[in-house]
Amino acid sequence: MIRERAYPVEPWHVRETRLDMDVLAQSESVFALSNGHVGLRGNLDEGEPHGLPGTYLNSFYELRPLPYAEAGFGFPESGQTIVNVTNGKLIRLLVDDEPLDVRYGELLAHERVLDLRAGTLHRELHWRSPAGREVKVRSTRLVSFTQRAVAAINYEVEAVDGPLRLILQSELVANETLPPQSRDPRVAAVLESPLQAEEELTTADGGLLIHRTKVSGLRVAAAMEHEVYAPARKTIQSEGYEDWVRTTIGCVLRPGEKLRVVKYLAYGWSSRRSLPAMRDQVKAALTGARLDGWDGLCREQREYLENFWDVADVVVEGDPEIQQAVRFGLFHVLQAGSRAEQRPIAAKGLTGPGYDGHAFWDTEMFVLPVLTYTHPPAVRDALHWRYRTLAAAHERARTLNLEGAAFPWRTIEGPESSGYWPAGTAAFHIAAGVADALRRYVQVTQDTDLEREIGLELLVETARLWRSLGHHDRHGQFHIDGVTGPDEYTAVKNDNIYTNLMAQRNLITAADAVSRYRDEAFHLGVTDEEAAAWRDAAASMHVPYDEEIDVHEQVEGFTRLQEWDFGHTPPEKYPLLLHYPYFDLYRKQVVKQADLVLAMHWRGDAFTPEQKLRNFLYYERRTVRDSSLSACTQAVLAAEVGHPELAHVYLREAALMDLHDLNENTRDGVHMASLAGAWIALVAGFGGLRDHDGNLSFAPRLSSRLERLEFSLQWRGLRLRVDVRPHETTYELRHGDPGDVLELRHHGEPVHVTCDEPVTMPVPSAEVAGPAPEQVPGRAPLLRLPENEP
């Protein structure tokens, strides 16, 4: 775990002031750069030491068999694993024949800074070699948001004493050796030498490597070129072999003189393009990068981010750590989706190999809601990716003897890659997540073209899945049996409330869309009878409720299950999935992550305020938060039911998940959904944002620690700014026309906001919610704000 405050608290930077070898892998994830297409882990320029080397291309994967002790019909036969592709970050430096290696000699100073407005990773070090020679190195790295295939490094060496003979080796390296695999199922499978060489080329100032995966047959090209600025004579030469290409630069520097090298990188991959086409593709990308030059790339990067922050920035006063963390989270969420362009947004983005690079349901239910309100084009691309996987989802449904489309629990390109049925295939709720992400995107953007072209079919096929998966009982109630909800410790049960309520909305949304696009629906084979059957199923959806204790049952019969013995579960036994058999977990009242509580967030319209409070108190005592997805949702509901101080500490847990490595697995990549959850906890929790009925509503109320919360949303071509203070909230329209009006609700009261002037509304006094909720013993929120801090 990263020690608290390992990174000084700054509003726009994440700064590492010394190199800590014990958390090197974690810092590589924190400092990772990506644009959704290319991802570079924050490895040191010289490559060693490293925690986990990593360079990734979205959806570039290898196939591997999924082993079963005992196979069964319908089990997936192969899985997809993201590949660590050709590493172009490497720049090795020799000072009078001694390699710069921070483990040797003396590291006099070392600092790395992730600049959230510039979109760069900057590094400065001062090193004394074992022979006593000193150099200062400054490097700045970026992955371009504007030129999708391009990354670049500006590397500068200054001689402190001298003269010094410097040899700089800039490399492309494929098939790097990776650390051995952990037994933790959340860690990626290790692939040994997955790339087969196809072509190696060298030029005077760079080179190129083209490889192909052995089984999936995907081709990847990586190329580099250099610009070299030296005060005196220099030599440049390149050489290459099948798995590496090296450009070597030599010069002599006197004290105070500098060698500057700009390294341009280009990546591309394809399952169809020929080798010559791939060669030309990366060469063209390099030409475009050099056309703008290093300064131009930096300028474009900053301008891109200025536009993003103008829409997406969240201002927090009263908790500086949260201010830094929410911007850090938004930056990584943007990196994961900005240029993915009809490829998935994985659970770790492109920051590490965790979960084999797979996308899960949390893309639609945590990441896309944030991007819908802050960067809608990324959501449009993500929905197109889901649509591209529809054929695989159809095939999976047929295998399961179902109608419609059964989207996979985890995947890269569409086929199910989970080998564990109860926590994989049985989690059908992902279909409703896809439909809800589509519904919200269309609601916010009014992009009816997308709704008609791909949205209708997604809604129809997911509705067909629910109608075939569920059934009516003799009393007319509609049930969905044998499924797993978000809580993976309560698997293969009947009538999971989250699943049922999300399916209900899916069925209604599909029926409404069919009525709007009748011709298109006719071509999909939808009849009036079928749409009516969807509405009937939705209207009669069963929602389990325990009348005796007055709470909703997460699944049918949950409240009568045996209680888990939390008192005799020591802290070192968490997460439970690594220390107890699933059989034991499945039959007891223990909740891995917010499930019914998540239903009360996204389907809050199905519960009364009194039910929400009783449910929250009941499930709070049984939720162990063995998933990083839980804290932000518990923050949202804690705020809603009148416990803002508890909401604040849950917010801190979600927001600081990776900056403090709270789950001790940030080494494998950042937790994209938890980072998105920081925004959700602030905006939906303390800002009270809801969009249940197709309209915006807010019920803002701050914790005692927060002095101000300001955020912006995109809504139907307008930008709404919300400024929350302890006793009042101001709503202001930006970038609209004089006649534009936005209707919303503030604590249930209608408000009309125009571009003419802001509207300020009072924040009602909070009702007393009763005693503080109890958590599972030993599982209270992980990061409380010390009492002596402001």
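The values are calculated or read from the model by the stated rules, or taken from the named source; none is laboratory data. On a predicted model such as this, the values are computed, not experimentally measured, just so you know. Because the Cβ atoms are built from the backbone with ideal geometry, glycine has one as well, and the counts that use them run over all protein chains shown. When the accessible area is computed, the model is the full protein with side chains, heavy atoms only, and any ligands, DNA or RNA have been set aside. Shrake-Rupley method; radii C 1.70, N 1.55, O 1.52, S 1.80 Å.
The amide H of residue 120, built 1.01 Å from its N in the peptide plane, has 115 as neighbours under 5 Å, considering only residues 5 or more places off or on other chains.
Taking GluC sites (Glu not before Pro) as candidate sites, keep only those in a DSSP loop with at most 12 other Cβ atoms within 10 Å, then name the longest stretch of the chain containing none of them. Show your work: numbers first, answer last.
Working: sites that count: 4, 70, 77, 192, 547, 548, 664, 767, 774, 787.
That would be 193-546.
Accessible surface of the chain, 1.4 Å probe: 47 percent of it comes from carbon and sulfur atoms.
Spatially, the stretch 368-425 and the stretch 103-178 are offset by 40 Å when compared through their Cα centroids. Sequence-distant contacts, meaning Cα pairs under 8 Å at least 6 residues apart, place the relative contact order of the stretch 585-743 at 16 percent. Normalising the Debye intensity of the stretch 260-390 to I(0), with uniform scatterers on Cα atoms only, and taking log10 at q = 0.09, 0.11, 0.15, 0.21 Å⁻¹ returns -0.35, -0.53, -0.94, -1.31. In a simple Cβ point-charge model (Lys, Arg +1; Asp, Glu -1; nothing else charged), the stretch 618-683 has a dipole of about 140 debye relative to its Cα centre.
Exposed loop chymotrypsin sites (Phe, Trp or Tyr not before Pro) only (DSSP loop, at most 14 other Cβ atoms within 10 Å): please give the longest stretch of the chain free of them, not including the sites. Display every interim value, and only then the final one.
Values: sites that count: 68, 73, 104.
Maximal segment without exposed cleavage sites: 105-790.
Averaging 1/r over every pair of different alpha carbons in the stretch 560-609 and inverting the result gives a Kirkwood radius of 12.8 Å.
Averaged over its residues, the chain has an accessible area of 37 Å² per residue, based on protein heavy atoms and a 1.4 Å probe.
Candidates 662, 58, 714 compared by Cα position along the dipole of the chain: farthest toward the positive end lies 58, with charges placed on Cβ.
Against the main long axis of the alpha-carbon atoms of the chain, helix 456-469 sits at an angle near 60°.
Across the chain, Cα pairs under 8 Å and at least six residues apart give a relative contact order of 12 percent. Put simply, the amide H of residue 32, placed in the peptide plane, has neighbours under 5 Å in 42, leaving out anything fewer than 5 places away on its chain.
Once the convex hull of all Cα atoms in the chain is built, its volume per residue stands at 170 Å³. Volume per residue for the stretch 539-684 equals 135 cubic angstrom (convex hull of Cα atoms).
Per DSSP H run of at least 4 residues, take -39500 (n - 2.57); add these up for the chain, divide by its residues and hand me the 222 nm value, nearest 500 deg cm²/dmol.
Working: 17 runs with 217 residues, N = 790.
Helix contribution divided over all residues of the chain: -8500 deg cm²/dmol.
Looking at the stretch 90-124, the trypsin sites (Lys or Arg not before Pro) that sit in a DSSP loop and have at most 13 other Cβ atoms within 10 Å of their own Cβ are 103. Once backbone amide H atoms are built at 1.01 Å from N, residue 729 has 761, 763 as its partners under 5 Å, excluding neighbours fewer than 5 places away on the same chain.
Using unit Cβ charges (K, R positive; D, E negative) and no other charged atoms, how large, in debye to the nearest 20, is the dipole of the chain about its Cα centre? Before the final figure, lay out each step's value.
Working: 84 positive and 116 negative charges, 290 e Å.
For this selection, approximately 1400 debye.
Of the trypsin sites (Lys or Arg not before Pro) found in the stretch 386-475, the ones in coil according to DSSP and having at most 12 other Cβ atoms within 10 Å of their Cβ are 474.
Hey, what did the stretch 79-223 get for relative contact order, percent, Cα under 8 Å, at least 6 apart?
Values: 255 pairs, mean separation 31.1, N = 145.
RCO, the stretch 79-223: 21 percent.
Against the chain, whose longest principal axis comes from its Cα atoms, helix 390-399 is set at around 60 degrees. You can think of it this way: the chain between residue 471 and residue 446 has 5.6 nm of extra reach, that is 0.36 nm per residue less the Cα-Cα gap. Computed from phi, the 3J(HN,Hα) profile of the stretch 64-72 under the Karplus parametrisation 6.51, -1.76, 1.60 (θ = phi - 60°) reads 9, x, 9, x, 10, 5, 8, 6, x Hz, with x in place of Gly and Pro. If R₀ is 22 angstrom, what is the calculated FRET efficiency for the pair residue 126 and residue 12, using the beta carbon separation as r and rounding to 0.05? That pair, residue 126 with residue 12, gives E of 0.35. When only the Cβ of Lys, Arg, Asp and Glu is charged (+1, +1, -1, -1), the dipole of the stretch 573-615 relative to its Cα centre reaches about 140 debye. Beta bridges from DSSP with both residues in the chain: antiparallel share about 95 percent, rounded to the nearest 5.
Positive end of the dipole of the chain (Cβ unit charges, origin at the Cα centre): among 100, 245, 318, the Cα lying farthest that way belongs to 245.
Between 517, 489, 552, the Cα set farthest toward the positive side of the dipole of the stretch 457-578 (charges on each charged residue's Cβ, about the Cα centre) is that of 517. Relative to the longest principal axis of the Cα atoms of the chain, helix 644-655 runs at roughly 40 degrees. Residues in the stretch 675-680 carry Karplus couplings, in order, of 5, 5, x, 4, 5, 4 Hz; the curve used is 6.51 cos²θ - 1.76 cosθ + 1.60 with θ = phi - 60°, and Gly or Pro positions show x.
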